[in-house]
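The values are calculated or read from the model by the stated rules, or taken from the named source; none is laboratory data. Predicted model only: the values in this text are computed from it and were never measured. Counting neighbours? That spans all protein chains shown, and the Cβs are built from the backbone with ideal geometry, glycine included. These area figures cover heavy atoms from the full protein model, side chains too; ligands, DNA and RNA do not enter into them. Shrake-Rupley method; radii C 1.70, N 1.55, O 1.52, S 1.80 Å.
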Amino acid sequence: MQQIGKVRWTVLAMLFAVTVINYAVRAALSLAAPSLSKELGIDALQLGWIFSAFGWAYVVAQLPGGWLLDRFGAPKVYFWAIVIWSLITAAHGAVVWMSGATAVTVLFVLRFLVGFAEGPSFPGNARIVASWFPARERGTASAIFNAAQYFATVLFAPLMGWIVADFGWPWVFVVMGAFGLLAAGIWPSVVRAPRDHPRLGEAEMELIVEGGALVDPPAAAPQADQSENRRKMRVLLCTPTLWGMYLGQFFVNALTFFFITWFPVYLVQERGLSVVKAGMFATMPAICGFAGGVLGGIWSDWLLRRGASLTVARKVPIVSGMLMALVIVACNYASSDTMVLLFMSLAFFGKGVGAMGWAVMADVAPRDSAGLSAGIFNMFGNISSILTPIVIGYILKETHSFNLVLLVVAGCALAAALCFLLLVGKIERIGEEKAAHRI
């Protein structure tokens, strides 16, 4: 019997590395924010709007990004996305020579452009995982690339805190842009469509195909006509289970964007830590979130192998994890930094376990529009990347405290659990017959 290769895991490792850099780029502004806002004269509400700029563009980019992924293939589109977002990130450092309204405007525009460039990234992750992994491994694979958001903080938060303290905040953006360009240089030799990969053996290809993976065709599919595109959109916008997922991902991402935007500010302003200590402090919740994310995927696939239905195997970790994340409210009553660290770590462990939305999307996406469906899912989910920073900024400006902020974040965790439990129906691949199923 021919030994099954591990090329698919090499591809996943590259997705993980790029997603780590992706989230470090997103978080760079939050680590630089305490110094940047003070130096450039930017208040809390203005900073909230700057944080939100990424989300505005990221949401807008999901539909065209998903279409590009289906039209030209995820490996090629993703490569150019990495190059573009890395160059724009490096350009953030030039804002050091600006101040006031000019600095706010330029930062907003630059964050907007980064968000637009990163639009194909997570739909690309989902599309590549759906192409490379059989169903029984897809939960673990999706959890691994999704957990990279936490590992980004583990790896880069201390580094970025040190760079801000010793070299100044502009260099954070220059360094992260350089990491992105390095990843782009490695990408083409690692990530390709399964049928185009020179190191993929017959046994592994057979495992992938028989396991239900959406293997890419050798060449890009011809452009669909308008009626076919409308049919796909009707399926994706008129299927109740997908709407439950869209809403659930919106609330899950509210926790994500609190963590990568306002959490370092919380540590500095509310808990009185230095920027360097805040970078170190943030690593423990991030490690727990990473561990929870990986364990959530392993738990889900274990349930599947033990005979649970796909619906049960996906929903149990999601609901359990999101309910565990409610412990974040306890930080409002903690008097010591050690207790804050404990509660935040438990909350983000739970959030990591429950962040299984991308695995579910890989399970249910229609075969003929996997990229587009992931784009719509990410678009709705990332509306919270617009609203969360602004709402938090407004709350802080009015109350000068994070107490209400943490209550809102906990409420989002509860809402996410209820969406996946009550609104998402049976988890199965959406086929042609689903087109007639309307809300």
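Among Ala313, Ala141, Ala94, which one moves the most in a GNM of the chain with springs linking Cα atoms closer than 10 Å?
The residue with the greatest mean-square fluctuation here is Ala94.
Once the principal axes of the Cα atoms of segment 324-399 are found, what is the range along each, listed largest first in whole angstroms?
Here the Cα extents, ordered largest to smallest, are 54, 29, 13 Å.
What is the gain in length, in nm to one decimal, between Trp9 and Val83 on full extension, counting 0.36 nm per residue of separation less the C-alpha to C-alpha distance?
Contour length minus the Cα-Cα distance gives 24.3 nm.
By what distance, in whole Å, do the Cα atoms of segment 1-154 stretch along each of the three principal axes, largest value first?
Reported extents, whole Å, longest axis first: 67, 33, 22.
Sorted from largest to smallest, which semi-axis lengths in Å does the alpha carbon gyration tensor of segment 251-404 give for its equivalent ellipsoid, taking the root of 5 times each eigenvalue?
For segment 251-404, the ellipsoid semi-axes come out as 31, 19, 12 Å.
At a Förster distance of 22 Å, what's the computed FRET efficiency of Leu387 paired with Leu414, Cβ-Cβ distance as r, to 0.05?
Approximately 0.80, to the nearest 0.05.
Under 14 Å from the Cβ of Trp49, count the other residues' Cβ atoms, weight Lys and Arg +1, Asp and Glu -1, and hand me the total. Present the calculation step by step, with values, prior to reporting the outcome.
Details: positive: Arg111, Lys397; negative: Asp43.
Net charge in that neighbourhood comes out at +1.
Which pairs in the list Lys6/Lys277; Lys6/Lys76; Lys232/Lys426; Lys277/Lys397; Lys232/Lys351; Lys6/Lys315 are over 30 Å apart, alpha-carbon to alpha-carbon?
Over 30 Å Cα-Cα: Lys6/Lys277; Lys232/Lys351.
Among Ile386, Ile186, Ile42, which one shows the biggest mean-square fluctuation in a GNM of the chain, springs joining Cα atoms closer than 10 Å?
Sorting by GNM fluctuation, first place goes to Ile186.
Treat each spin label as a single point 7 Å out from the Cα along the C-beta direction, and report the Arg306 to Ala94 distance in nm.
5.6 nm
Taking R0 as 30 Å, what FRET efficiency do you get between Lys397 and Val109 from their Cβ-Cβ distance, rounded to the nearest 0.05?
For Lys397 and Val109, the calculated efficiency is 0.85.
Taking only protein heavy atoms into account and a 1.4 Å probe, give the accessible area per residue of the chain in Å².
38 Å²
At a Förster distance of 45 Å, what's the computed FRET efficiency of Ser335 paired with Val209, Cβ-Cβ distance as r, to 0.05?
0.20
Leaving out ligands, DNA and RNA, what percent of the accessible area of the chain is carbon and sulfur, probe 1.4 Å?
Roughly 68 percent of what the probe reaches on the chain is carbon or sulfur.
Just to make sure I understand: if all protein chains stay in place, what is the order of Lys397, Lys6, Lys351 by accessible area at 1.4 Å, largest first?
In descending accessible area the options line up as Lys6, Lys397, Lys351.
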